[in-house]
Amino acid sequence: MIRSATPSDAPAITAIYNPYVIETAISFEMEPVTPEDMAARIRKILQGYPWIVLEQDSAILGYAYAGQFKERSAYQASVETTVYVAAGHHKQGIGRTLYQELLQELRARGFHTALGIIALPNEGSVALHESQGFSKVAHLPEVGWKFGQWVDVGYWSLLL
């Protein structure tokens, strides 16, 4: 079942997200997030953008949301998209299902451009974005520093 996230989902979402923070360069955050911080993020996103979760047998297996791309007014029709899947549930179509639903919701809300911003290398995320019609539009070398190494970032764009 896919549904809108609520702040009460924060503990489950935090449990999905924090391993990416602690163990990978996929997230550029350096410290784990608390459920309270995640609940505040959910509340903020839901003020103008969608945040959805995929729930199965009362467990959240993944989530996706869109948020503001840049602060300047001219960017208001563009969004940055995000999707995370719980450990042990990759390659089961969860990310693809979430992304399809998120993109449909963004179209319904009248957004024009979706941007996926990916720490590289990340073959799984690149494949997911490209399967949804995103195209690589930029490559920024060595813009992040995590785990003692430089990390590149790629931008993938989809006109909705």
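Where a number appears in this text, it was derived from the coordinates with a stated rule and is not lab data. Everything numeric here is computed off the predicted structure, so don't read it as measured data. Methodologically, a virtual Cβ is constructed for each residue, glycine included, from the backbone with ideal geometry; neighbour enumeration extends over all protein chains shown.
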query: If you put +1 on each Lys and Arg Cβ and -1 on each Asp and Glu Cβ, how big is the dipole of region 35-106 around its Cα centre, in Debye rounded to 20?
result: 240 debye
- prompt: Antiparallel DSSP bridges in the chain: what percent, to the nearest 5?
  reply: 90 percent
query: Label points 7 Å out from Cα along the Cβ direction at Glu71 and Ala108: separation in nm?
result: 3.2 nm
- prompt: Which number do you get for Rg(Cα) / (2.2 N^0.38 Å) in region 13-100?
  reply: 1.13
Dimensionless Rg over Rh [region 2-159; C-alpha; Kirkwood]: 0.93
statement: Dipole check, region 2-159, charges on Cβ (K,R +1; D,E -1), about Cα centroid: among Trp51, Ala74, Leu140 the Cα furthest to the positive pole belongs to Ala74
query: Ordered by residue, what ³J(HN,Hα) values in Hz, to whole numbers, does region 82-98 give under the Karplus form 6.51 cos²θ - 1.76 cosθ + 1.60, where θ = phi - 60° and Gly and Pro are x?
result: 9, 9, 9, 10, 4, 3, x, 10, 6, 6, 10, x, 5, x, 5, 4, 4
query: Hey, can you rank 111-120, 65-74, 127-136 by average C-beta count inside 10 Å, highest first?
result: 111-120, 127-136, 65-74
